[in-house]
Amino acid sequence: MNTFNNTQYFLSHTEFVLLGFPGIVAYRKFLVIPFLSVYITILTGNSILIYRICVERNLHSPMYILISVLFSVNISCTTSIMPKLLLGLSFNMNEITLAGCLIQMFYMYFMAIFESGVILSMALDRFVAICRPLRYNDIMTSQTLIYLVTIGMTRSSLFVSPMVILASYAQYCKSNVILNFVCENMGLLSLACGSTSTQEVVGLLVRIFITILDSGLLLLSYSSILYTAMKIISGKARHKALHTCGMHLLVAMLLYTCALVSSVVYRMHSLISYDVQNLFTAIYLMIPATINAFIYGLGVKEIRHCLMKSWKKKGSLLSSSMHVQKKKTFSLQLTTEEK
């Protein structure tokens, strides 16, 4: 028995291959176009909105600061995945070490849980603004925002660390090919020798606990907001409150729905091909990050007005610059003709 254990340990892989979309190996290079387009859209859209929130003083309220944190999470999460994926699709640079795989797994899950925490913080902000309006400035201070972000990051670390630590102790001797473009917990554990029931149970419990806790708190918060809005607030103020909360709920529903569908599809691996599993993983990781910028950029009035004002200003500056250039050119022509 000891000999087998030593052999098993000796054969444990420390280098892996991320082979995303294995059923279309001959056409994988063509996937660079859609994935690169989505990545550029995420970087551009989220970065523009973060910049506008930073430079516009009327967007320095807690709600917009939390929205900018959400955009930062979108950029960070996709950046932990996309460069490696694009290199793999373009140049077959699919290799990754066990340490690199565990780091990517930690960062990906850390950001996913932290994103859920940011959405909870946004729900708290709206709850205080609508249900406790007179105390809003006293409660939602800069110090409160720092506490919320710190608690969210601490919570993410506490939930993700056990998953990654347990995964690091497993012995991977079945294969070193991960049939996905990211290091997901279940994908990595499927390559392990022996029992991985502890790792799988911990991962499942974390997902269930976070989903039930966060969705329950969101439901409680927005139910109170809806009740207060319908009972106390009237006219345009009610419409504005419901519209803003509707934007937050839409983002939350998009995130949790994508996560739930991806989880269900991944656990039906015997019925669904790896390519379809990979597709739903991509949807979960990239679609919310892509759509969030459009939801808030076009759906929130204050942000939309700031964007339009900025574009109009740039357009007028460009127009005046072209006008000055034309005058200079015309003056130069007159001088040449006089000579």
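Taking the criterion of being more than 30 Å from Asn58 (Cα to Cα) and at pLDDT below 85, the residues of region 267-313 that qualify are Arg267, Met268, His269, Ser270, Leu271, Ile272.
No other residue among Phe106, Phe110 is assigned to a helix (DSSP H, G or I), closer than 27 Å to Leu219 by Cα, out of contact with any His (no Cβ under 6 Å at 6 or more places or on another chain) and without any contact (Cβ under 8 Å) to a residue 60 or more places away in the chain apart from Phe110. Tell me, which residue of region 168-186 that is assigned to a loop (DSSP other than H, G, I, E, B) and of a type in the set (S, T, N, Q) is farthest from Met105 (Cα to Cα)? Within region 168-186, the match that is farthest from Met105 (Cα to Cα) is Ser175.
Can you go through Leu260, Leu254, Leu217, Leu226 and tell me which one is surrounded by fewer than 17 Cβ atoms within 10 Å (Cβ to Cβ), among the hydrophobic types (A, V, I, L, M, F, W, C), on the phi < 0 side of the Ramachandran plot and in contact with a Pro (Cβ under 9 Å, 6 or more places away or on another chain)?
The conditions single out Leu254.
Out of all the residues in region 233-252, is one or more basic (Lys, Arg) and assigned to a loop (DSSP other than H, G, I, E, B)? Within region 233-252, none of the residues are basic (Lys, Arg) and assigned to a loop (DSSP other than H, G, I, E, B).
Among the residues of region 88-103, those identified as more than 14 Å from Ile165 (Cβ to Cβ) and either β-branched (Val, Ile, Thr) or surrounded by fewer than 19 Cβ atoms within 10 Å (Cβ to Cβ) (or both) are Ser90, Phe91, Asn92, Met93, Glu95, Ile96, Thr97, Gly100. I'd like the full set of residues that are under 21 Å from Arg238 (Cβ atoms) and touching a residue at least 60 places away in the same chain (Cβ under 8 Å), limited to region 117-153. Of everything in region 117-153, those that are under 21 Å from Arg238 (Cβ atoms) and touching a residue at least 60 places away in the same chain (Cβ under 8 Å) turn out to be Met122, Ala123, Leu124, Asp125, Arg126, Phe127, Ala129, Ile130, Cys131, Met140. In region 50-65 there is at least one residue that is among the acidic types (Asp, Glu) and crowded, with 17+ Cβ neighbours inside 10 Å.
Among residues of region 165-174 being surrounded by fewer than 21 Cβ atoms within 10 Å (Cβ to Cβ) and touching a residue at least 40 places away in the same chain (Cβ under 8 Å), the one that is farthest from the chain's Cα centre (by Cα) is Cys173.
The values are calculated or read from the model by the stated rules, or taken from the named source; none is laboratory data. Fair warning: this is a prediction, and the values are worked out from it, not measured in the lab. Cβ sites come from the backbone with ideal geometry, for glycine too, and all protein chains shown count toward neighbours.
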